[in-house]
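In what follows, a structure is listed as structure tokens, so that the remarks can point back to it.
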Amino acid sequence: MSVLSGKKVLLGVTAGIAAYKSAFLVRLLIKKGAEVKVVMTPSAKEFVTPLTLSTLSKNEVFSSFTNEEDENAQWNNHVELGLWADLFLVAPATANTMSKMSQGTSDNLLIATYLSAKCPVYFAPAMDLDMYKHPSTLETFQKLEDFGNIIIPAAHGELASGLVGKGRMAEPEDIVEFLEKDISEKLPLKGKKVLITAGPTYEPIDPVRFIGNHSSGKMGYAIAETAANLGAIVTLISGPTSLEINNANINKVNVTSASEMYEAVHKVYSETDIAILSAAVADYKPATIADQKIKKKEGSLTIQLEKTKDILASLGAEKKNQFLVGFALETENELENAKTKLQKKNLDLIVLNSLNDKGAGFGTDTNKVTFVTAHNKVIPFEVKSKQEVAMDIWQHIIQEINA
Ligand code: CTP
């Protein structure tokens, strides 16, 4: 999956001959799963029509503060557009527009939008070779970069003037590749090794029976997927679930019992930066596993249980630089129990689920959690989808490890 998937991309089109290539750009961005809106300078409309770009982007195209041609003219809010975007790509970016942007001269909707945008802004310059190397252009590039913007270098080749040199806009494919690479390199969990446990464990009684629980694994899988999307290299150690996961950055290790999970976790823990243990591990297992199926007899049957090893506590005891997160599922004295677990198991964060809350717990697609931090700060959340909860967990961890 592309890092552009789900991203809100605002494409700014200025009046250069390469504007005809913006149609390809819109298509490529949409193919990557991005949502695209287009804002144009008024003169750019002479190079490519708003109709083409709105058809391809499936969104209205904006080029002026009011839709003059429309008798119900309404004000196009540049602030809203600027804040909507996750990234702003100006392609083609003419010398004129870039110069005005570097000076803060806001005489059209596109530039006003640029001045309001808080997201990363990329420029794909397009101009003739002598314009491209003119000292004033170089000064503009420098200024824009000093403001934190990113310049996608122009390509070498035949130019609209018939001259050959550097100045033609990078090809749409190369622009998209540049964006993907740049975004990937800046992902907040880039290079981090993450360990997640998920799902239930099954503790065998005999060859056909086991003690298990209702955990679906959905929460842990959402945490793993979110981590991978944020750039982490993930080991997902999963008990038996019906869930599939297909992500090049996730190495899934299937286990069945608590002791198998213990072994698998300890194999990778020393190399781990962040570990989140969301699995519902059995606390007890049958003391012996019958070789043959236990036959039905008169009277009752007693199965002797013994404790499993507490995986989370064992990681807390071994902890060096890892950020260690546990889950707590409680039915009473939730906060008190969670705080005790946090301290006893030497955790950096505990995610508390209360079975008393509607929308929380096993099998559901939603969860309601409260974070308890190492400094005993309590942060409650609303009922959210498990994907949103996963993002809340990661946002908190990213903030903590960068503090
Ligand atoms: N956990 C674990 N190994 C176990 C049991 C639990 O790693 N053998 C982890 C779970 O993955 C979870 C956390 O411990 O992150 C808390 O699990 P929970 O069942 O709520 O608490 P317990 O410590 O088992 O205590 P109790 O059952 O008494 O509440």
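Each residue in segment 255-271 was checked for being out of contact with any helix residue (DSSP H, G or I) (no Cβ under 9 Å at 6 or more places or on another chain) and within 16 Å of the ligand (Cβ to nearest atom), and 8 of them qualify.
Remark: pairs (first residue in segment 77-99, assigned by TED's automatic domain parsing to the domain that holds Phe47 and surrounded by 24 or more Cβ atoms within 10 Å (Cβ to Cβ); second residue part of a strand (DSSP E or B) and among the basic types (Lys, Arg); Cβ separation under 6 Å; 6+ apart in sequence or on different chains) = Ala85/Lys8. Within segment 215-232, identify whether any single residue is touching a strand residue (DSSP E or B) at 6+ places or on another chain (Cβ under 8 Å), assigned by TED's automatic domain parsing to the domain that holds Ile311, within 15 Å of the ligand (Cβ to nearest atom) and in a loop (DSSP other than H, G, I, E, B), and answer yes or no. Yes; the residues of segment 215-232 include at least one that is touching a strand residue (DSSP E or B) at 6+ places or on another chain (Cβ under 8 Å), assigned by TED's automatic domain parsing to the domain that holds Ile311, within 15 Å of the ligand (Cβ to nearest atom) and in a loop (DSSP other than H, G, I, E, B). Filtering Leu355, Leu347 for residues that are near the ligand (Cβ under 10 Å from one of its atoms) and aliphatic (A, V, I, L, M) leaves a single hit, Leu347.
Considering only residues that are assigned to a loop (DSSP other than H, G, I, E, B) and of a type in the set (Val, Ile, Thr), which ones fall in segment 255-276?
Val255, Thr256, Thr272 - these are the residues of segment 255-276 that are assigned to a loop (DSSP other than H, G, I, E, B) and of a type in the set (Val, Ile, Thr).
Please verify whether segment 331-343 includes one or more residues that are in contact with a helix residue (DSSP H, G or I) (Cβ under 8 Å, 6 or more places away or on another chain) and surrounded by 17 or more Cβ atoms within 10 Å (Cβ to Cβ). No, that holds for no residue. For segment 153-163, taking the residues that are surrounded by fewer than 21 Cβ atoms within 10 Å (Cβ to Cβ) and either at pLDDT 95 or above or among the basic types (Lys, Arg) (or both), the one that is farthest from Ala44 (Cα to Cα) is identified as His156.
For Leu329, the conditions (1) more than 8 Å from the ligand (Cβ to nearest atom); (2) assigned by TED's automatic domain parsing to the domain that holds Tyr221; (3) at pLDDT below 95 are fulfilled apart from (1). Counting only helices (runs of 4 or more DSSP H) that sit completely within segment 100-154, those holding 1 or more residues that are farther than 23 Å from Phe62 by Cα correspond to 129-132, 135-146. Does any residue of segment 59-72 turn out to be touching a strand residue (DSSP E or B) at 6+ places or on another chain (Cβ under 7 Å), over 19 Å from Ala23 (Cβ atoms) and surrounded by 17 or more Cβ atoms within 10 Å (Cβ to Cβ)? No, segment 59-72 has no match at all.
Condition (residue is farther than 22 Å from Lys181 by Cα and free of Cβ contacts under 8 Å to residues at least 40 places away in the same chain) applied to segment 143-152: is it met by at least one residue?
We begin by selecting, within segment 143-152, every residue farther than 22 Å from Lys181 by Cα; these are 143.
The next check asks that each one be free of Cβ contacts under 8 Å to residues at least 40 places away in the same chain; those that pass are none.
No, segment 143-152 contains no residue that is farther than 22 Å from Lys181 by Cα and free of Cβ contacts under 8 Å to residues at least 40 places away in the same chain.
Annotation: Ala248 fulfils all but one of (1) outside any loop (DSSP other than H, G, I, E, B); (2) among the hydrophobic types (A, V, I, L, M, F, W, C); (3) farther than 13 Å from Lys193 by Cα; (4) more than 10 Å from the ligand (Cβ to nearest atom); the unmet one is (1). Residues of segment 287-294 include at least one that is more than 18 Å from Ala198 (Cβ to Cβ) and within 16 Å of the ligand (Cβ to nearest atom). Total residues in segment 295-309 satisfying the condition of being touching a residue at least 12 places away in the same chain (Cβ under 8 Å), surrounded by fewer than 18 Cβ atoms within 10 Å (Cβ to Cβ) and either under 36 Å from the mean Cα position of the chain (by Cα) or more than 15 Å from the ligand (Cβ to nearest atom) (or both): the figure is 3.
The values are calculated or read from the model by the stated rules, or taken from the named source; none is laboratory data. Just so you know, these numbers come straight off a predicted model, no measurement behind them. Note that each Cβ is placed from the backbone with ideal geometry, even for glycine, and that neighbours are counted across all protein chains shown.
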